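Engineer: Quick one: this structure, given as structure tokens, is what I'll be asking you about.
Rule-based calculations on the coordinates, nothing more; no lab input. Keep in mind the model is a prediction, meaning the values are calculated, not measured. Backbone-built Cβ (ideal geometry, glycine too); neighbour counts: all protein chains shown.
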Amino acid sequence: MIFQGYDTVTICDVDVSGLGHFAHQVRFLERAEFEFMNHVNIAPREWFMHRYLFPRVKLVVDYTAPLHFADDIRWDVQVGHLGNTSYSLIIDIFNVTSGEKAMGARMVVVVLDLHTHQPTLLPSELRAAFSPYLIAEESPAT
């Protein structure tokens, strides 16, 4: 299964030429992650601030086509792996305006205990919520 969401490239996302600034485009990945968590009923505010820590330990992004000011975009989110203490999200960003894939990313996240800051087992609720979006098992990062 794929979770999809939509956004628009705004003035704060582009450089002076009107093209998407590469570092600012990472915010679309973060937004896609946030919306995905909401979609699967893992409330980010509760989970990220009161239950666990979710540091992103690896992010690989391939930029494949430009984004421009006022372009409409769509993100597709899937789960790449569910490990013992980590998971990965596969996020593709499409430029709806041009019809091109703008970027693809793989984000690895480790779940840490809120108090000890040590890796902890993936909570069963998170595993159950993410499982329908699992595309293929990859080698777990941790």
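Engineer: Measuring from label point to label point, each 7 Å out along Cα→Cβ, what is the Glu30 to Ala43 span in nm?
Structural biologist: 2.2 nm
Engineer: Sticking with this structure for a sec: Residue by residue, what Karplus-based ³J(HN,Hα) values in Hz, rounded to whole numbers, does the stretch 120-128 have, using 6.51, -1.76 and 1.60 with θ = phi - 60° and x for Gly and Pro?
Structural biologist: So the J values, rounded to whole Hz, are 9, 4, 4, x, 4, 5, 5, 4, 5.
Engineer: Skipping prolines and chain starts, which residues have an amide H placed within reach, meaning under 5 Å, of the one on Thr97, given they are 5 or more residues away or on another chain?
Structural biologist: The list, which skips near neighbours in sequence, is Asp72.
Engineer: Now for a separate question. With a cut-off of 12 Å, note down the residues of the stretch 5-49 whose backbone N falls inside the zone around a label point 7 Å from the Cα of Phe69 toward its beta carbon.
Structural biologist: Of the residues in the stretch 5-49, 10-20 have backbone N under 12 Å from the label point off Phe69.
Engineer: What FRET efficiency would be calculated for the residue pair Leu121, Ala23, taking the C-beta separation as r and a Förster radius of 41 Å, to the nearest 0.05?
Structural biologist: On the way: r = 33 Å, r/R0 = 0.81.
Rounded to the nearest 0.05, the efficiency is 0.80.
Engineer: On full extension of the chain, what length is gained from Cys12 through Ala128, given 0.36 nm per residue of separation minus the C-alpha to C-alpha distance? Kindly include the intermediate steps, with their values, before the conclusion.
Structural biologist: Numbers: separation 116, 0.36 × 116 = 41.76 nm, distance 3.61 nm.
Between Cys12 and Ala128, full extension yields an extra 38.1 nm.
Engineer: Can you give me the distance in nm between label points at Leu59 and Leu112, each placed 7 Å from the Cα along the Cα-to-Cβ direction?
Structural biologist: 1.6 nm
Engineer: For the stretch 1-46, just say rounded, prolate or oblate: build the C-alpha gyration tensor, square-root its eigenvalues into a ≥ b ≥ c, call rounded for a/c under 1.5, and beyond that prolate if a/b exceeds b/c, oblate if not.
Structural biologist: Working: a/c = 3.37, a/b = 2.37, b/c = 1.42.
Because a/c hits 1.5 or more and a/b exceeds b/c, the stretch 1-46 counts as prolate.
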